[in-house]
Amino acid sequence: MTAERTSFVYVTFISAAPEKVFDAITSADISARYWGHSNVSDWQPGSRWEHVRNESGVAELTGRVVEHSPSSKLVISWVNTSQEADPEAYSRVTFDVIPYDGMTKLIVTHDDLIKGSGMEQGVSKGWPIVLSSLKSYLETGTGLNVFAKPKAA
């Protein structure tokens, strides 16, 4: 029986050129500055990509590059490295980078998520802070602490 699937969509506007936004997603050095992880790949369709944690150097997520259109679109498969052997565990992330006057519209669609899974819960909490950090980094030069926890009431 196939698990029910769901998706997560996040839209933000960033005061930066599309090329800078795209580079921030695909550059290992830049992604490490606002994400706490380096996105590592040669970004060719079919190539492996890894999401490597800064402190440990361990790839926590991985997948394959599905589509790469520089400065406009990136599509990758996405899975915890511990679940790589399970084809059902994979989801897909699409980054649509759309030029506007003096800014960029970034749409991140994370779909094919197993409804109710730990990945769905992690994604729904993780993407908003990561993409807010990306926006902050590109607009001010400083990213947010993506590992911050809510303060106790």
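Residues considered: PHE95, PHE22, PHE13. Largest GNM mean-square fluctuation over the chain, using C-alpha springs under 10 Å, is found at PHE13. The GNM of the chain, with springs linking C-alpha atoms under 10 angstrom apart, assigns the highest mean-square fluctuation among LYS105, LYS135, LYS115 to LYS115. Within the accessible area of the chain, the carbon and sulfur atoms contribute 52%, probe 1.4 Å, all protein chains present. Taking segment 96-119 and a reference point 7 angstrom along Cα→Cβ of SER72, the backbone N atoms nearer than 19 Å belong to 96-109.
All other residues whose Cβ lies under 14 angstrom from that of VAL97 are scored, Lys and Arg at +1 and Asp and Glu at -1, for a net of 0. If you run the Gaussian network model on the chain, springs between alpha carbon atoms under 10 Å, then out of GLY126, GLY143, GLY118 the most flexible one is GLY118. Averaged per residue, the chain has 53 square angstrom of accessible surface, using a 1.4 angstrom probe with ligands and nucleic acids left out. The equivalent ellipsoid of segment 71-153 has semi-axes of 25, 20, 10 Å, largest first, where each one is the square root of 5 times an eigenvalue of the Cα gyration tensor. Give, as a single signed number, the net charge of other residues whose beta carbon lies under 12 Å from the beta carbon of ALA3, with Lys and Arg counted +1 and Asp and Glu -1. Net local charge, ALA3 excluded: -3. In terms of its alpha-carbon gyration tensor, segment 31-99 comes out oblate; a/c meets the 1.5 threshold, while b/c is at least as large as a/b.
Tell me which residues come under 5 Å, amide H to amide H, from LEU61 once H is placed; ignore anything under 5 positions away on its chain. Result for LEU61 returns HIS51, THR81. Relative contact order for the chain: 27 percent, from Cα pairs under 8 Å spaced at least 6 residues apart, divided by residue count. Cα-based radius of gyration for the chain, normalised by 2.2 N^0.38 Å, reads 1.02. Shown are HIS110, HIS68, whose ranking by accessible area with a 1.4 Å probe and every protein chain present, most to least, is HIS68, HIS110. Can you give the angle from 0 to 90° between the axis of helix 118-140 and the longest principal axis of the chain, with both taken from C-alpha atoms, to the nearest 10? The angle comes out at about 10 degrees.
The values are calculated or read from the model by the stated rules, or taken from the named source; none is laboratory data. Quantities reported herein were computed from a predicted structural model and do not represent experimental measurements. Note: ideal-geometry Cβ built from the backbone for every residue, glycine included; neighbour counts use all protein chains shown. The accessibility values were calculated without ligands, DNA or RNA, using every heavy atom of the protein model including side chains. Shrake-Rupley method; radii C 1.70, N 1.55, O 1.52, S 1.80 Å.
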